[in-house]
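For reference, the structure is listed below as structure tokens.
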Amino acid sequence: GCVLAVSVIEQLAQWHNSTVKAAVERLCNYIPGKYLIRRHMLCCIDREMNADVVCHSLKLCKQDPGQPLCHLYPPPKVSCDYGAFFLFSFFFQLGVLKVKKTFTGFSSVCAFPLLANLCEKIKYVIRNKLPFEDFDGDKFSTFPTLRGYHWRGRDCDDKNATVYPGRRPDNWDVKSDSNCNGIWGVDPKDGIPYEEKFCKGADSQGVVLLGDSAGAHFHIPPEWMTVTQMSAKSFANLPMAFTDELDWPQFSEITGFLNSTIGGWTDSLYLRLRRRNRCNHRDLQNISQNGGSSGNLLYLIKSLARNQLLDNPAIVIYATIGNDVCNGNRDTLAHMTTPKEMLSNVVQALRYLDSRLPNGSHVILTGLVDGRFLWDNLHDRYHPLGQLNRDVTYSQLYSFLDCLQVSPCSGWLTPNETLRNLTSERALQLSNVLKEIASSEKFANFDIFYMDFPLRQTAEEWRKMGGEPWQLIEPVDGFHPSQIAAALGTSITWQKVLHEWPQVLGKENPFNDQIEAIFKDQGGH
């Protein structure tokens, strides 16, 4: 975090030909609100030291006994003796600190009596991945972030726990909209409820994602650290991004529903299901988390909101595409999920789903990605931090993170080709476990299918469109699928399901145009 922040400040000074003090003030003016950055930091930067030198001098970075010296730039040679507390709010607002259980700053803030209850609620939300603002406790919210409607369909009555997206209509929604799809009331021409007229027998169903940071659509805007593009406008989305855990599920491949503001375009399984059947409006749940794997998904899955007796069936996408082989440990192979563990974890998750999903649901298991694509297409390219001076490649970034033991994937983000191949070999083994489960396991309330993660097809499609493979990877972290990859992946997944398992998608609603026409006549809903 320190190296990132100081690098940006140094490059701002260089790009605008200003002092470091002026660069700090410029960055402060870019970031929403007024945050104090004390002058102590300027001591070392004004000596034209690189970011590693500054951060080691401030003792925000250190070298543990017996461990290598971690650095992004040349090793530090001099030091200053200054404290570190002044940087806390700066890093916190930038969202570059990984908040861990051991982080004492948050604990000390929560010691204040007036904030104790709020802190407990925040911890509960983070731990359980449930909406922060949910007055009726139905797991749906009218607030966008903090696990609100960016992650789940927007509630239309947060004071009534029997009203939420995805339920079957109460008495055909004659008097009110019980399932939040915007269809309710009675047609005055014939006295038939709109919900009954347009949605009865329409195979209404929702879409649920059980996934990881790729499914949640992790994204750090490159303009946050690319000084040639940086302005106050660059940070306008910072509060929203931070309260969504640096995820953008509203633009994601499975549950995206808003037009993308982070490049590319939005296409999602939810949007296509909604176009196929307008009665599916708002019936989405993105139950994903950064670091999600087959193991911790067993806890995360309990935040699913589905009632077997009252709700519509759902299409569930199970997609933990990397974290079962990805970790930041030096002995990364020893910390990967084994095929036996994968089998146990997934079967447990499926049994839980069978106890929660309404009859007629569907589950699609998605295989793990072949992450060799990352190194092959990025290692010799310049990272956003290195584009100004052409001094930081992705290979350097990967090595820096690996040295710190915070690499998102030591097995793939490495110059060690043998290790990359062994990681892909384990990923293939785990995918084969999923494939075997889909062909052999049977459940009472859903059928089950398997599909490979469509990375190869996505890259081929993007090349046909004139694109380059590296554009399919998030530029800042060099690890996650980009917005373009998400949108193209949706199209490929949809075509596969449509042609091989058409029963999953349900039939097309012939009344879609009539529903939209009524909405337009009434000024929308």
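The values are calculated or read from the model by the stated rules, or taken from the named source; none is laboratory data. Since the model is a prediction, treat every value here as computed from it, not as a measurement. In this analysis, Cβ positions are derived from the backbone assuming ideal geometry, glycine residues included, and neighbour counts consider all displayed protein chains. Side chains are part of the model used for accessible areas, which takes the heavy atoms of the whole protein and leaves out ligands, DNA and RNA. Shrake-Rupley method; radii C 1.70, N 1.55, O 1.52, S 1.80 Å.
What does the extension gain come out to for T261 and L428, with contour length at 0.36 nm per residue minus their alpha carbon separation?
Result for the pair: 56.7 nm of gain on full extension.
Per residue, how much space in cubic angstrom lies within the convex hull of the C-alpha atoms of the stretch 387-446?
141
Would you kindly work out the equivalent ellipsoid of the stretch 188-280 from its C-alpha gyration tensor and give its semi-axes, the square roots of five times the eigenvalues, largest first in whole Å?
Its equivalent ellipsoid spans semi-axes of 37, 15, 10 Å.
Using a Förster distance of 25 Å, how high is the FRET efficiency between S176 and K200, based on the Cβ-Cβ distance and rounded to 0.05?
Efficiency at R0 = 25 Å is approximately 0.90.
For A161 and K507, what does the FRET efficiency come to when R0 = 35 Å and r is the distance between their Cβ atoms, rounded to the nearest 0.05?
The calculated FRET efficiency here is 0.65.
Give me the percent of accessible area attributable to carbon and sulfur for the stretch 180-261, probe 1.4 angstrom.
58
Can you tell me what share of the DSSP beta bridges in the chain is antiparallel? A percent to the nearest 5 is fine.
About 20 percent, rounded to the nearest 5.
Take every Cα-Cα distance within the stretch 376-417, group them into 5 Å bins from 0 onward, and report for each bin the whole-number percent of pairs it holds.
In order of increasing distance, the bins hold 6, 27, 30, 23, 12, 2 percent.
Can you list, largest first and rounded to whole Å, the semi-axes you get for the chain by taking the square root of 5 times each eigenvalue of its Cα gyration tensor?
Working through the eigenvalues yields semi-axes of 43, 27, 22 Å.
Would you calculate a helix-derived [θ] at 222 nm for the chain, using -39,500 (n - 2.57) for each DSSP H run of n ≥ 4 and dividing by the full residue count, to the nearest 500?
Helix-only estimate at 222 nm: -10500 deg cm²/dmol.
Tell me whether the stretch 208-361 comes out rounded, prolate or oblate; compute the Cα gyration tensor, take square roots of the eigenvalues as a ≥ b ≥ c, and use a/c under 1.5 as the rounded threshold.
Since a/c reaches 1.5 but b/c is at least a/b, the shape of the stretch 208-361 is classed as oblate.
Strictly greater than 38 Å: what percent of every Cα pair in the stretch 205-508 meets that?
Tail fraction, whole percent: 12.
What do you get for Rg/Rh over the stretch 100-249 if you use C-alpha atoms and the Kirkwood form of Rh?
1.10
With all protein chains present, how much of the accessible area of the stretch 372-525 (probe radius 1.4 Å) comes from carbon and sulfur, to the nearest whole percent?
Answer for the stretch 372-525: carbon and sulfur cover 49 percent of the accessible area.
How far apart, in nanometres, would the label points at N128 and E417 be if each is projected 7 angstrom from Cα along the Cα-to-Cβ direction?
Result for the modelled spin labels: 5.1 nm.
On alpha-carbon atoms, Rg over Rh for the stretch 293-372 using Kirkwood Rh?
When Rh is taken as the Kirkwood radius, the ratio is 1.04.
What order do W470, W184, W224 take when sorted by accessible area (1.4 Å probe), most exposed first?
Ranking W470, W184, W224 by accessible area, largest first, yields W184, W470, W224.
Solvent-accessible area per residue for the chain at a 1.4 Å probe radius, Å²?
Spelled out: the 1.4 Å probe surface of the chain, per residue, equals 46 Å².
Taking only C-alpha pairs under 8 Å that are 6+ residues apart, what is the relative contact order of the chain in percent?
Taking the mean separation of contacting Cα pairs over the length of the chain, I get 14 percent.
Going by the alpha-carbon gyration tensor, a ≥ b ≥ c the square roots of its eigenvalues, is the stretch 402-525 rounded (a/c under 1.5) or, if a/c is not under 1.5, prolate (a/b greater than b/c) versus oblate?
Here the stretch 402-525 falls in the oblate category.
Can you give the angle from 0 to 90° between the axis of helix 20-30 and the longest principal axis of the chain, with both taken from C-alpha atoms, to the nearest 10?
Value to nearest ten degrees: 10.
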